[in-house]
Amino acid sequence: MQNQLIPNITLSNGVAMPVMGFGVAGLGTGPEFYTAMESALENGYRFFDTAPFYENEGEVGQVLRTCGIPREELFIATKLPNACHAYEDTLKAFDAALKNMGLDYLDLYMIHFPMPMLGLYQEAWRAMEKLYHEGLIRAIGVSNFQEHHLNKLFETCEIKPHTNELECNPYLTVRPLCNFCQDNGIRVINWFPLGGPREPLVPYPVSDFKPLIEDEVLVEIGKKYQKTPAQIALRWAIDNQISPIPKSANPGRIRQNREIFDFSLTPEELARIDALNYDRRFGPDPNTFDDMEMG
Ligand SMILES: NC(=O)c1ccc[n+]([C@@H]2O[C@H](COP(=O)([O-])OP(=O)(O)OC[C@H]3O[C@@H](n4cnc5c(N)ncnc54)[C@H](OP(=O)(O)O)[C@@H]3O)[C@@H](O)[C@H]2O)c1
């Protein structure tokens, strides 16, 4: 039996997007992946965030195509590989994504990283606008774009991005960037909403390491609502008009992560959580990240 759906918000172009998604990075393609996808669907997740780099884009498409849920009730997102920012390459990469997933349109397609050293993201965007106008993508977005990347995009774009997917959580609040996005009608989606994997994929300063989901302030606030620190971190995002995309391989935690719509945090609690920020970045710095293999 299916649980209640995660509620929708409306993007700046009027398209409905579930306020929270399910991240599939690190789930692989083995039995754990299929169990997690089944559990996410059963628990009312309808927004799925993948990328070619996660090496399960095709499997995500296959599960969603065959799960029995009408296509229009799903919100399927994937991303443009870093090596494909040239105009024709973007068109080809998008076509490859559709074929790989077995879909005839996407709900959200994003430029994965700005790759400023290539200087091609304006070109990629022009191709994405074409695909959007052709009805092949319902919303177009960017990911890891900082304010200066967005300002440069605004110089040439016809359509402002509908979303910007950023590393963001109570230890990395990136408040000025979130405000800038919101002022420009860009919905922020936050990756590493729970502080990221237990073993981060990229080097990070070990002396800086504190697991977000063990934070004492989150634990304390959680006690008031009978929620876990993870649920408080997700609710902090929701109450800041940010859309988290938590990943879990564990059906119990997949369920727990969606049980955040029966309470909201007070302005004082939100301020206390904001104060936890220490600009801790676990993922790559979008200003310098230049990995052409990643997409
Ligand atoms: N656009 C980008 O550049 C970019 C970059 C990175 C990630 N992403 C997206 O963001 C998604 C989320 O990122 P992420 O998976 O790396 O980090 P995350 O969602 O912040 O954290 C996932 C970790 O938290 C654990 N977890 C999940 N729910 C929990 C709970 N309720 N209590 C305690 N632990 C919990 C998971 O373990 P279990 O699995 O064992 O539950 C896993 O170790 C990715 O899957 C991907 O879709 C995007």
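The values are calculated or read from the model by the stated rules, or taken from the named source; none is laboratory data. Predicted model, so just to flag it, every value in this text is computed and none were measured. All Cβ positions, glycine included, derive from the backbone under ideal geometry; neighbour counts span all protein chains shown.
Have a look at 124, 83, 97 and point out the one that is touching a Cys at 6+ places or on another chain (Cβ under 9 Å) and among the hydrophobic types (A, V, I, L, M, F, W, C). Quick ask: steps written out before the conclusion?
Values: 83 fails: touching a Cys at 6+ places or on another chain (Cβ under 9 Å); 97 fails: touching a Cys at 6+ places or on another chain (Cβ under 9 Å).
Just one listed residue meets the conditions, 124.
Scan the range 36-87 residue by residue and report those that are over 26 Å from residue 14 (Cα atoms), among the polar types (S, T, N, Q) and buried (at least 19 other Cβ atoms within 10 Å of the Cβ). Hits for the range 36-87 are 39, 56, 82.
From the list 177, 194, 265, exactly one residue is over 22 Å from residue 33 (Cα atoms) and within 15 Å of the ligand (Cβ to nearest atom). Which is it? 177 is the lone residue from the list that is over 22 Å from residue 33 (Cα atoms) and within 15 Å of the ligand (Cβ to nearest atom). In the condition set (1) more than 15 Å from residue 6 (Cα to Cα); (2) at pLDDT 95 or above; (3) surrounded by 15 or more Cβ atoms within 10 Å (Cβ to Cβ), residue 246 is compliant with all but (1). If only residues of the range 204-252 that are in contact (Cβ under 8 Å) with a residue 40 or more places away in the chain and of a type in the set (Ser, Thr, Tyr) are counted, the one that is farthest from the ligand (Cβ to nearest atom) is 204.
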